Structure formats: C-alpha cells, structure tokens
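Asks: Here it is: the structure, laid out below.
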Amino acid sequence: MSPSPDTTASVPGIENAVALGLTRGEYAMVVQEMGGREPNEVELAMFSLLWSEHCAYKHSKKLLRTLPTEGPAVVMGPGENAGAVDVGDGWAVAFKVESHNHPSAVEPFQGAATGVGGILRDIFALGARPIAILDSLRFGEPDSERSRYLLDRAVAGIGHYGNSIGVPTIGGEVVFEAPYETNCLVNAMAIGLARTEDMVRSAAAGVGNVLVLFGASTGRDGIGGASVLASAELDAEDETKRPSVQVGDPFEESKLVECSLELLQSGLLVALQDLGAAGLTSAASEMAAKGEVGLDLDVAKVPLREADMAPFEIMVSESQERMLCVCEPDKVAGVLALCEKWEVNGTAIGTVTEGKRFRILRGDEVVGDMPVSGLVDDAPLYDLAPEKPSAPLYPAPAAVLGFEADVREALIALLSSPNLASRRPLFEQYDSIVQSRTVRRPEEADAAVLYLYDMGEGAPSIAASIDGNGRRVAADPYWGTVGNALECAANLACVGAQPLGTTNNLNFGNPEKPHIAWQLTEAVRGLGDACRALEAPIVGGNVSLYNEGADGPIYPTPVVGMVGLLPDATRAGGLGFTRDGDAIALVGWDGGEAGEGSLAASELSKLRGEALPDGLPEIDVAQVVGVLDAVRAAVRAGELSSAHDIAEGGVLVAVAESCLAGGRGAALDLGDAEDVWTSLFGERSGGFVVSGPREVLERLGTSVPVSILGTVGGDRLDIAISSLSESWPLAELQDANGALAPLFP
Amino acid sequence: MRARVLIRPKAGILDPQGVAVERALPALGFGGVANVHVGRLVELDVEDEGQLDAMCRKLLANPLIEDYEIQTVTA
Amino acid sequence: MRARVLIRPKAGILDPQGVAVERALPALGFGGVANVHVGRLVELDVEDEGQLDAMCRKLLANPLIEDYEIQTVTA
Amino acid sequence: MKLGVITWPGTCDDVDARLAVAKVAEPVALWHGDSDLHGVDGIVVPGGFSYGDYLRAGAIARFSPVMESVIAFARAGGPVLGICNGFQILCEAGLLPGALLPNAKLRFVCRQVDLEVQTTATPFTSTCEVGQRLSIPAKHTTGCFFGDVPSEQVVLRYAPGHNFNGSQDDIAGVVNEQGNVMGLMPHPEHAVDVLTGGSADGLKLFEGMARVPVA
Ligand SMILES: Nc1ncnc2c1ncn2[C@@H]1O[C@H](COP(=O)(O)OP(=O)(O)O)[C@@H](O)[C@H]1O
Ligand SMILES: [Mg+2]
C-alpha cells in the first residue's frame, strides 16, 4: 500500500477552494494543517465541508459559549448528537431541534421529510427511542401561491416521514410572515426516551476496532457545495452524475431505529453516530476527534447506489438513513447478523488507528490523509461586528384590518388570521397518538403531554412545546427572544410541567452583516438570560444562518423548544373550559407593577399594517417566573378546570380559544379600561386565562395578580368593557377559526 | 386524443419502492429480476397535445426528482 | 429483457388521484382535459418473460381493483 | 389466553396492540419471518407501514412466512383481528373481502371518529350492543373501503359525518363469512385507556376476542 496520497496528482487549488466556500485565508490554514501540502480533491472536499458555517459554527460558536448549559437534570449537554435530561428512576429524555430550511425551499416534501429523518437519527444515535416530533414552520403569507405550495408539501413531507416511522408528531407551530416568502423555515424537534445507563456517546475508541456503516446505500444525494468538484470533472451533458435531491425513506429508517437500539441493548457497540450533513466526512471525523484516535476508511467498501462514484463523492454524500458504529473486531459478526435480521445492509468500512490521522483509502491506495484535529477542531472562529441598525430593516406588513374596525370585527379578523386560525387542518395530517403515550393532543392544551408508561408504576409524564415568534424578535431581539423562552415555559406551566431543559434553533440572516450580527448577539443574550431565570439549561440546538432572500433577511427567528416534567398525567392541564359556572380569571397581569399587554408588535398591529416598533416593553422576568410557578402549582394540585397562556391576540383571543376548545361560552366583564384595545388584544409574557371555582382563583390571588373576568357557560362569548358590550355566538367564532381549511383542500 | 405519461424516479435518485419490490420478488419465487423501478402512470384525454409537456412540468411530475415520458395512445 | 407494467384503477373504481389531477389542471390554465386516471408504473429487467403475468397477479397489481398491461421494452 | 401480535419491518402500532392485548390476555410477539404461532389463541395483525406501504399497502407483507400460518389458523376458525395496515394485509391475503383505496382527499388524517356497531354476532363485538357508538381514533391515508360485502359481514360503520375517507356505505369494519376474521381501519388499540386514548371503547373488541373459546 502506498503510505500517503499521490502528491504528484493534480490538486484542485485555491480557486476551487474558494468556489467550495473557503476564504483564501482559510485555504492557507488548510495547507498548513496538511503540513504545507495543498489538499487533493478528497481532502479539499472534506475540509471545505467541515470548515463550513454549518459544521464549524464559525460565526456563532463564541456566542453559544455564553449560554447556560448546566443544571441538576442535565445528562448530556451541547456537543453530543442531542441533549438529554434526567426524568428520574434511571431514565433520561433526549431532545433536539434542527433546521432543514434550504432543502425545504428547493423541494419542500423531501426537504421537510428528510429534516425529520435527520433529527430522529440524532436521537436514536444516543440510544434513545424516538417518542415524539414537533415542527416549527415559517412561510410567507398564504395569499402567495408559492407559500401555499411550500406549506402543503412541507406538511405532507413531515407527515409522511413521521407517520410512516411510527413516531407521533405531537405539536408544533406554523407562522406566516412576508419576510419568509423567499426563505421558508422548516425546523423539526425530536424527543427520545432511554435508560440512562444504555445511552451511548459517539466517541470512537479502541485501536483496532472496526467501523461499520449500516443502512441505506450511498448515492449522489445532496452533494451540494462539493458539486463544484463534480462539475469540474464531468462533462456538462452528464446529467445523471449531477448531485441530486435527497429522498427520504422512512421505512429504511424504521428498520434502522430498531436495529440500532437492538445493537446497543445487545452490548455490541463501542460508539454510534448518525450520518447527517456532510455524510461520512462529518460522522467519521467527529467520532475520531471525540475519541482522540485516528481512522482508516476504505471507500471501496461503501455500498453504492451508483457504481461510478469518485472517492470525494462517497465521502461527502448526504444519502439519508445511514448510521456508523464502532465495535470490537470479534463483535463484527454479531453486528452484521443483527443488521440482517432487520433487513439493513451492514458493511465494515474501516478501523480505528493510533495516529490521530484520518486516512481515506480506496482499496490499497491512500486517497486522502488529514489530521483529525485539523479537520474538526481547528476551523477558525470569527468575531461578530454587531451594530444596531439605524433604520427599520423590515417593511410594514400589508394592512388587512382598518383602524375603523370595531372590537367585534377585530376578534373575528384575529381568529381567522393565518397566524391564529386553528391548525387542525394541518396537524390532523400527523399521527399524534402512535406509541400510546399521548395524554394531550394538539389543541387540547398549550403543551403536548406524553405519559412515560415505560417507567412502570407511578411513571411521570413529560410536556413539550416549541415557540419562536420572529416578528417580536425583529422588533426587539433581546426582549423578543426572552418572550419566546417564557412562552415556551408558560405553555409547559399550563399543563403542570416544570422545564427540565431547552433546545433551540437560531434562524438568522447573514451574520457578516452588522445588523444581523446584532440581532443574533442580542437574541442569544436574551435566550441565555431567560433560560437562566427559568432554570431550564440549554442542552442542544442548531444554528441556521444566511437565511436571506432577494428582498432581505428573514425575521430573526430563534425557535425555542422545551421539555418539562409533570408528576401526574391524570392532572395534566387543558386549555378548554370544562364546567359551566366556573369563574374565569386573568392571572399574572395587574396593569400596574406586574404590567399588562401591549399592542407593540402584536397580532392586531400586524393586521392593521403597523410598522414594527423599535423595541418592546421590558419584562420583569423574575415576576413572570413567579407567576409560572403559581400556575403550575395550581394545575398540579388539580385545582383549575383550565389554563391557557395569553400569547398572540391577547386576552380576548385566549378566552375565545378556551371557549372553542371546551365547546362552552363565557360572559366577561372587564370593568373600565384605560384603552379597550390594549386590554383586549395586548400581548406580553406572563399572562394566563384560567378557569375554576371562584374560591380557588381568589386563593391564587394571594400569591400572584388575579382578576376575575367572568363566568363559563352558554353558547356565546359576551363581553362588557368600559361602555362597550359585544357578543358572538360560538358558532361564528368557530367558523372564523376554521379559516385554514381551504389551504388543504 | 388519449395520452399517457410515464413518470419515473430520475436516475440516481433513491427509489425506495423499487428497492422494496426488487427484494420481495425473489422471496415469491421470481428470480432473475433486477433494476426494478416504481413510478406513476397518468392517462388522460387532451384536446391540445402541445400542452402535455407543460402539464408534466407544472403538475404531473416533479422535475427535481422525476423524469417523464409522454406517449400518445392510438385508440 | 426490460419490461414495463402499467397498472391502472379498474373501470368503475374510485380514482381520487385521477379526479384530483382532473380538477387541478384547468386551474393551472390547461383546458380540454378529460378522463384522467392515475396508476402505477413498474419497470424491471427480467430473465424469464413468462413469469411477468404471474408477478403481476401475485404482487404487482391487485386484480380486485386494478388492471395491468405488460409491455416489453426494446432497449 | 394468549393473543399474538405480528411485527413486520415497518409495523409501528404493534407495541400499542400488545399494550391493549395485555389488558385482556397474555400478549405474544410474533415475527413476520417465523411461521411458528407459538400456541396463541388469537392473532392481532397490527397497524403501521409494513414494508413502507410500498407498491400497495399490505401487498408485500402478506407473503411473509407468518402469513401462511395465519391463513391456516383463520381457516381453522381461530380469531384474527386486522387493524388498519393489518386490515389491508388481510384483504391482500384474501382472508377478508374488499380492498382499501386512497382516502377521498388523498391526505393522511388522524382523527377521533364515532363508529356504530352493526352486529354483535362476531366474537369481537359480542361485548357490544347493536347501534352502540364507539369513539375510536382513525389514522391512515389508504382507508377508503371498496368491495362487495353482504350486510351481515359489515360489523362497524362510521357514524354520520365521520366517514372522512369516503368508504363505500360508511363501512369501517368487516368480517369474513365465518365471522372469525375481522378487519377495521380505525385503531381500537389506541382507545383502551381514557388517559391516552380519549376513550376506552376500543377495549371492547379485545375483550370480545379474548372471550372466544379456543378452537
Ligand atoms: N406545525 C404544527 N405541527 C403540529 N402541531 C401544530 C403545528 N402548529 C400548531 N400545532 C398545534 O396546534 C395547537 C395550537 O398552536 P398555536 O396556536 O401555535 O399554540 P400556542 O399559541 O400555544 O403556541 C398546539 O397544540 C400546537 O402544538
Ligand atoms: Mg401557548
């Protein structure tokens, strides 16, 4: 065997490196990593991918280091395939959110489907069984045909993958705003359950151990950036050799889940890792870097879907549904036998070596030889140059509701607006109940609830929510992001859950632009502060940058996902009114020290076509945390009939949603208001609409602000405020709220 | 005029259905089968044959992942 | 030998996919379209052409709801 | 009383079916590649996406080794319950009349539906009353029932307004002529516990199945 790559072979050179996304400075650093030798095609392809923003977090890593990542419940923090938190009795819950924005913009069905497939692999790579999916979607306004198409196909793709693989999609969010028109966001979060002692890390270990690739065969899927090399090699006509859209195969992945978990339970593996972005390149080098070992990997052994693939194509292919594991040599036969049982292809493709070098072989020939640490740890990190923009970045939304409209029209307009209308036509396309853990389905409560029956008698439940209002972050990156985290925790409080940990996906524009850098910096500061206050450490997440279209950047969209624990599923809260005669109360706001809603960047102001304000009112985070504690305690005690946090649309929309979810009317008297519109439709963190026996609500008022608004009952929503009174039949509200149905004919 | 559109996964694109069928056939005693691909078939009456290609690109096929072939059928 | 199997919904059987396409086309500006049916296309290399009919009856088509047509493709 | 639940690659409601069975009998996991039925007294063919639903839902699974034993077991009068994908498999295998076509709107729908019991002359519905309504979730893309079925063999129909998939004559579940093999699209195993199922009505079918005297 030749000891090192043929150094006389032609090298792609710096211009190709630039075309692959490296800067000239970075190329010089790569040459240095290579000991002064210019990288060949395989090496350059691998460096350019591992040193990309996506893999190396060049513009975000320094910021991410400021986030709180530790806490008593944390089992695995950022850095592993997913984070994990302790849920008691030796069990852990793993979870993570990830984006698939660009692939979804190109081919929404496959893009969204493979996004789900990818995040699920992160979960079972830890040895956790995937038990839930949530999705967070952003599109342009649905009056655009393109947006409707993207929505329809992305939802179908998520459903296709999640439904087929038997993991319930239990919640999510979808938001329509013009700045996402040319750059949609498709984020997916997955949750898994494992016995803590069965969980596995991804560090390769044990010189002489064997690297086994299992799952789908490798094709030219998603070769993406590296296609520059492909096209340099291929004649222009050779269409068939072009990189192609990644196609997901949930059936293959369902076999992979079972096969992976059985391999781990049988004690056959030393390490396990999924193949995601940058395929084998990233999976193998990360395993090597974490284990501080080297690897020899033979591309000739990789099962191919197309026979004539070049070594670099094999190394960077993003074919889906593949896993990589390390096992001891005498366990290889056992590993392959289990693969066969699950009708999954397994192949030994390499070995763990001593030298901390990653060598790529093709049979006897060495086609690449790189230092592992150079690939994985030495990518440059950049400082941001944040600068608050002096002029508004985003145009005002188109007005759809005139200022002359009255309260009656405004409530109907809000309930039927794309951002507030019922998501039922969407989430009914997802299986939300498979695996028999779902205690709260979509629209039954603010957070989904899963009963962990696996843990035996007296098992606890977990709750999950995902939230990321981008418009408010655009108005104020710090307080907007704080609001997103608080909303997530508020959703958990409504079902009686205490956050255990947080995951997040930072969707932003180009960080090299000072005002985007400012949005990102402020958002991360807000996320950190909020999660510290909530004692909900960040155990994982993802960053998606450069989300810009021809007409500018997206709204800065930090999507926050939280998982919390509730001891007794039978007391999980719900958002619908359940008993006629119950009192209805507003909890958390008092119009005074504890603040009240504001119309700044609210849904109402959006419908009215108002420009975004420069900044949002400050939030007393400690006060909000106190309110969450009180609401959670009341739900856990089984004292409340319903609990719903006040989010987009304010108090009146929250009450209307509780009416619709419970099929019961309400009569409210809000007394004299300084400003009727602000009182009814203002938004701010830390407000709740709850119902229950009057004494209970009054007792709650001894610890947090509570004002009784009215009574549950009848089949109308009646309100009196200042000199105004209005009344809506529930059927009219229901009709208005059904406005999304035509989007899914 | 009756037209037929054959829609198949583009070469190089993963075709999980084809793989599943290829695996199933030998188990049923049908040997010697290879290169199985599963696609879609659309048949329709059209007045203006010239529109077929545009129909395929716009609706019937997904050009990113599928190839199509238009045939006219003599009744 | 390369073979092609065209599988279509039996006459009289509900074909919601065909209906959906027939509805969608005029909305995209394609008029004069009728009688749209959507079926499946299976293409495969077979050594023994004589097995094709049995394959169709056993696996590729469901005779209760689908008709099939076998074509051999000259390469 | 032992009730077997079959698993294929791609099956996903098998765990749920075993949990449901455990409430009335001893659940036994059966593997598609193993023709041994391990002495079970009844068989549940569960839902999911066996072989990814590729080609046609149920088309590939019905040829697996276990199915030969299931067919023999059914012919001998043993109780067999096919749920969703299991229903599709039993139709493909010729154990039940009819076929399942794509939903009228071609979309996957997951929804709690009301079913009306048509007959109690089957083991499965022996615990019900004629006309009784059962609240059970349904979730599928290919659940529009089509076929020639004598009305005595129709066991469950969707209640008015609940037939979202376009099934002929609102048929949600059928039995074979002998009455020992039943298939239905909705998922009774997801309605055996009020906490997670929204209702426990589905349990009735499993209770009925477990009460059958061993053939
Ligand atoms: N994209 C989605 N996928 C799944 N469920 C969704 C999606 N969007 C919304 N839902 C569900 O619909 C319900 C209402 O959503 P939303 O109005 O966004 O809730 P909230 O205001 O509490 O964040 C929730 O149960 C949510 O989980
Ligand atoms: Mg909420």
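Asks: Going residue by residue through the range A:150-170, is there one that turns out to be within 16 Å of ligand 2 (Cβ to nearest atom) and crowded, with 24+ Cβ neighbours inside 10 Å? Talk me through it step by step, then tell me what you get.
Replies: Let us first name the residues in the range A:150-170 that are within 16 Å of ligand 2 (Cβ to nearest atom), namely A:170.
Those left that are additionally crowded, with 24+ Cβ neighbours inside 10 Å: A:170.
Looking through the range A:150-170, at least one residue is within 16 Å of ligand 2 (Cβ to nearest atom) and crowded, with 24+ Cβ neighbours inside 10 Å.
Asks: Further question on the same structure: Checking the condition away from ligand 2 (no atom under 16 Å from the Cβ), away from chain D (no Cβ under 14 Å) and on the phi < 0 side of the Ramachandran plot, which residue from A:Ala594, A:Ala643, A:Ala656 passes?
Replies: A:Ala594
Asks: Applying the selection to the range A:183-219, what residues are polar (S, T, N, Q) and within 16 Å of ligand 1 (Cβ to nearest atom)?
Replies: Within the range A:183-219, just A:Asn187 meets the criteria.
Asks: What single numbered condition from (1) buried (at least 17 other Cβ atoms within 10 Å of the Cβ); (2) small (Gly, Ala, Ser); (3) on the phi > 0 side of the Ramachandran plot fails to hold for D:Gly161?
Replies: (1)
Asks: Does the range A:41-64 include one or more residues that are surrounded by fewer than 20 Cβ atoms within 10 Å (Cβ to Cβ), touching a residue at least 24 places away in the same chain (Cβ under 8 Å) and in contact with a helix residue (DSSP H, G or I) (Cβ under 6 Å, 6 or more places away or on another chain)?
Replies: no
Asks: Quick one: which residue in A:Tyr430, A:Tyr382 is among the aromatic types (Phe, Trp, Tyr), within 15 Å of ligand 1 (Cβ to nearest atom) and either within 14 Å of chain D (Cβ to nearest Cβ) or touching a residue at least 60 places away in the same chain (Cβ under 8 Å) (or both)?
Replies: Among A:Tyr430, A:Tyr382, only A:Tyr430 is among the aromatic types (Phe, Trp, Tyr), within 15 Å of ligand 1 (Cβ to nearest atom) and either within 14 Å of chain D (Cβ to nearest Cβ) or touching a residue at least 60 places away in the same chain (Cβ under 8 Å) (or both).
Asks: Can you work out which of the residues in the range A:498-539 that are part of a helix (DSSP H, G or I), among the small types (Gly, Ala, Ser) and within 20 Å of A:Val74 (Cα to Cα) is farthest from ligand 1 (Cβ to nearest atom)?
Replies: Residue satisfying both the conditions and the ranking: A:Gly528.
Asks: Pick out the one residue from A:Pro537, A:Pro567 that is within 19 Å of the chain's Cα centre (by Cα), more than 16 Å from ligand 2 (Cβ to nearest atom) and either of a type in the set (S, T, N, Q) or over 29 Å from A:Asn183 (Cβ atoms) (or both).
Replies: A:Pro537
Asks: Taking the options A:Thr502, A:Thr570, name whichever one is hydroxyl-bearing (Ser, Thr, Tyr) and in contact (Cβ under 8 Å) with a residue 24 or more places away in the chain.
Replies: Values: A:Thr570 fails: in contact (Cβ under 8 Å) with a residue 24 or more places away in the chain.
Every option except A:Thr502 fails the conditions.
Asks: Of all residues being touching a Lys or Arg at 6+ places or on another chain (Cβ under 8 Å) and not in a strand (DSSP E or B) in the range C:7-29, which is nearest to C:Leu60 (Cα to Cα)? Just the residue, please.
Replies: By that ranking, first place goes to C:Pro16.
Asks: Picking from A:Ile708, A:Ile719, which residue would you name as being surrounded by 14 or more Cβ atoms within 10 Å (Cβ to Cβ) and closer than 13 Å to A:Ala656 by Cβ?
Replies: Details: A:Ile708 fails: closer than 13 Å to A:Ala656 by Cβ.
When all the criteria are applied, what remains is A:Ile719.
Asks: Scan the range A:386-395 and give yes if some residue there is among the hydrophobic types (A, V, I, L, M, F, W, C), away from ligand 1 (no atom under 13 Å from the Cβ) and in contact with a helix residue (DSSP H, G or I) (Cβ under 7 Å, 6 or more places away or on another chain), otherwise no.
Replies: Initial filter on the range A:386-395 (among the hydrophobic types (A, V, I, L, M, F, W, C)): A:391, A:393.
Narrowing further to those that are away from ligand 1 (no atom under 13 Å from the Cβ): A:391, A:393.
Remaining after also requiring in contact with a helix residue (DSSP H, G or I) (Cβ under 7 Å, 6 or more places away or on another chain): A:393.
Scanning the range A:386-395, I find at least one residue that is among the hydrophobic types (A, V, I, L, M, F, W, C), away from ligand 1 (no atom under 13 Å from the Cβ) and in contact with a helix residue (DSSP H, G or I) (Cβ under 7 Å, 6 or more places away or on another chain), so the answer is yes.
Asks: On the basis of being touching a residue at least 12 places away in the same chain (Cβ under 8 Å), within 14 Å of another protein chain (Cβ to nearest Cβ), within 16 Å of ligand 1 (Cβ to nearest atom) and aliphatic (A, V, I, L, M), does A:Val495 make the cut?
Replies: yes
Asks: Can you find, within the range D:58-88, the residue that is surrounded by the fewest Cβ atoms within 10 Å (Cβ to Cβ) among those that are farther than 17 Å from D:Leu37 by Cα and within 14 Å of chain B (Cβ to nearest Cβ)?
Replies: Residue satisfying both the conditions and the ranking: D:Ala59.
Asks: Also, quick follow-up: Can you name the residue in the range B:36-53 that is within 7 Å of another protein chain (Cβ to nearest Cβ) and free of Cβ contacts under 8 Å to residues at least 12 places away in the same chain and is also surrounded by the fewest Cβ atoms within 10 Å (Cβ to Cβ) among such residues?
Replies: The residue in question is B:Asp48.
Asks: Quick one: would you say A:Pro425 is surrounded by fewer than 22 Cβ atoms within 10 Å (Cβ to Cβ), within 16 Å of ligand 1 (Cβ to nearest atom) and within 14 Å of chain D (Cβ to nearest Cβ)? Spell out the reasoning first.
Replies: Numbers: surrounded by fewer than 22 Cβ atoms within 10 Å (Cβ to Cβ): yes; within 16 Å of ligand 1 (Cβ to nearest atom): yes; within 14 Å of chain D (Cβ to nearest Cβ): yes.
For A:Pro425, the condition - surrounded by fewer than 22 Cβ atoms within 10 Å (Cβ to Cβ), within 16 Å of ligand 1 (Cβ to nearest atom) and within 14 Å of chain D (Cβ to nearest Cβ) - is met.
Asks: Next up: Only residues that are more than 12 Å from ligand 1 (Cβ to nearest atom) and of a type outside the set (A, V, I, L, M, F, W, C): list them for the range A:158-182, please.
Replies: Result: A:His160, A:Tyr161, A:Asn163, A:Ser164, A:Gly166, A:Glu177, A:Pro179, A:Tyr180, A:Glu181, A:Thr182.
Asks: If you don't mind, another one. Take the residues in the range A:576-591 that are within 16 Å of ligand 2 (Cβ to nearest atom) and closer than 17 Å to A:Val627 by Cβ; name whichever of them is farthest from the other protein chains (Cβ to nearest Cβ).
Replies: By that ranking, first place goes to A:Trp589.
Asks: Checking the condition more than 27 Å from the chain's Cα centre (by Cα) and modelled with pLDDT under 95, which residue from A:Glu610, A:Glu593 passes?
Replies: Numbers: A:Glu610 fails: modelled with pLDDT under 95.
Among A:Glu610, A:Glu593, only A:Glu593 is more than 27 Å from the chain's Cα centre (by Cα) and modelled with pLDDT under 95.
Asks: For the range D:31-60, what are the residues that are under 18 Å from A:Glu258 (Cα atoms) and within 16 Å of the chain's Cα centre (by Cα)?
Replies: Matches in the range D:31-60: D:Pro46, D:Gly47, D:Gly48, D:Phe49, D:Ser50.
Asks: Same structure again: What do you reckon, is A:Ala523 more than 14 Å from chain D (Cβ to nearest Cβ), within 16 Å of ligand 2 (Cβ to nearest atom), surrounded by 22 or more Cβ atoms within 10 Å (Cβ to Cβ) and on the phi < 0 side of the Ramachandran plot?
Replies: No.
Asks: Also: With the condition being buried (at least 24 other Cβ atoms within 10 Å of the Cβ), I'd like the strands (runs of 3 or more DSSP E) fully within the range A:66-138 carrying at least 2 qualifying residues.
Replies: Answer list for the range A:66-138: A:83-88, A:91-99.
Asks: Continuing with this model, one more query. What number of residues within the range A:442-467 satisfy the criterion of being within 13 Å of ligand 1 (Cβ to nearest atom) and at the interface with chain D (Cβ under 8 Å from one of its Cβ atoms)?
Replies: Matching residues across the range A:442-467 total 0.
Asks: Same structure, new question: Please indicate, with yes or no, whether at least one residue in the range C:10-20 is within 20 Å of B:Pro26 (Cβ to Cβ) and either more than 12 Å from the chain's Cα centre (by Cα) or surrounded by 15 or more Cβ atoms within 10 Å (Cβ to Cβ) (or both).
Replies: No, there is no match, as no residue in the range C:10-20 is within 20 Å of B:Pro26 (Cβ to Cβ) and either more than 12 Å from the chain's Cα centre (by Cα) or surrounded by 15 or more Cβ atoms within 10 Å (Cβ to Cβ) (or both).
Asks: Looking at (1) surrounded by fewer than 19 Cβ atoms within 10 Å (Cβ to Cβ); (2) closer than 28 Å to A:Pro103 by Cβ, find the lone condition where B:Cys56 falls short.
Replies: (1)
Asks: If I ask for residues that are within 19 Å of A:Tyr149 (Cα to Cα) and at the interface with chain B (Cβ under 8 Å from one of its Cβ atoms), which ones from the range C:1-31 would you list?
Replies: C:Val21, C:Glu22, C:Ala24, C:Leu25, C:Leu28, C:Phe30
Asks: Identify, please: which residue in the range A:193-225 is in a strand (DSSP E or B) and within 14 Å of chain B (Cβ to nearest Cβ) and is, among those, surrounded by the most Cβ atoms within 10 Å (Cβ to Cβ)?
Replies: Step one: list which residues in the range A:193-225 are in a strand (DSSP E or B), which gives A:193-195, A:210-215, A:218, A:221.
If we keep only those that are within 14 Å of chain B (Cβ to nearest Cβ) as well, we get A:215, A:218, A:221.
Numbers: A:Gly215: 27, A:Thr218: 24, A:Asp221: 24.
Among those residues, the one meeting the criterion is A:Gly215.
The values are calculated or read from the model by the stated rules, or taken from the named source; none is laboratory data. As the structure is a computational prediction, the values presented were derived from the model and not from experiment. Neighbour counts are summed over all protein chains in view; Cβ atoms, including those assigned to glycine, are modelled from backbone coordinates with ideal geometry.
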